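None of the figures in this text is laboratory data; all of them are computed from the coordinates on show. The structure presented is a predicted model; accordingly, all values stated were derived computationally and were not measured. As a convention, Cβ positions derive from the backbone with ideal geometry for all residues, glycine included, and neighbour counts pool all protein chains shown.
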Amino acid sequence: MRKAMGVAAVAAGVVLLVAGCGTEGGGSGKNKGGSSASSSGSTTGGAEAGGGESPDAAAVRKEIGTAATAAGFTEDPSGDAVPAELKNCMVSWTADAGKAADPKKSYDATVTALTGGGWKEGPATEQSGSTVKTLNKGTWSVKASNHGAAGFAIVMFIGTDNTPECEALFKADLEKNKKP
């Protein structure tokens with residue numbers, strides 16, 4: 001039970017980060033080209049961020065799943081589900097890190113496979129045994145996170161489409177779930 005609550009807390013934090021709360025530079029993260037900057041402070045959005053055409057949610061999920069599975073992960077069926085109204089704008093893929101021979105190596109191999117498949121690596125954050133890397137492709141950003149400590153590992157890939165339409169849906173979802 002404690003692990004599930006921890007996963008939910010980490011997922012909620014990543015979702016808030018990915019959804020654009022508090023973009024760097026004080027801007028809204030949107031630009032006039034119909035695309036937006038990622039919450040990592042990138043100044044480019046749209047197809048320029050990751051090069052080429054922007055995939056849809058199903059393609060992003062397939063790319064993450066294929067890369068992670070090839071790297072030695074299986075998907076954790078108890079991972080956080082994406083709300084129905086956000087299915088076209090968000091992808092969540094949680095690894096069952098306990099079944100991987102070496103979760104850190106599998107995480108690194110997954111990121112390497114994604115970058116080899118056209119995802120552009122952006123900023124990374126490392127702190128207290130956790131690593132969060134940003135990967136961009138088209139209008140999509142993926143936060144690839146590896147949170148590990150002695151005997152404990154959570155590996156998640158949370159993707160969001162940064163189009164104005166999806167940003168509006170994320171904002172509406174945050175408002176709907178805001179505590180009074």
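Worth a mention:
- In the calculated pair-distance distribution of the stretch 71-124, the portion above 15 angstrom amounts to 59 percent of the Cα-Cα pairs.
- Cα gyration tensor, the stretch 111-155 - rounded (a/c under 1.5), prolate or oblate: prolate
- Listed residues Cys89, Gly129, Pro103: farthest to the positive end of the dipole of the stretch 61-141 (Cβ charges): Cys89
- Protection proxy ranking, peptides 172-180, 138-146, average beta carbon neighbours within 10 Å, highest first: 138-146, 172-180
- Cβ-placed point charges (K, R +1; D, E -1), dipole of the stretch 79-180 about Cα centre in debye, nearest 20: 100
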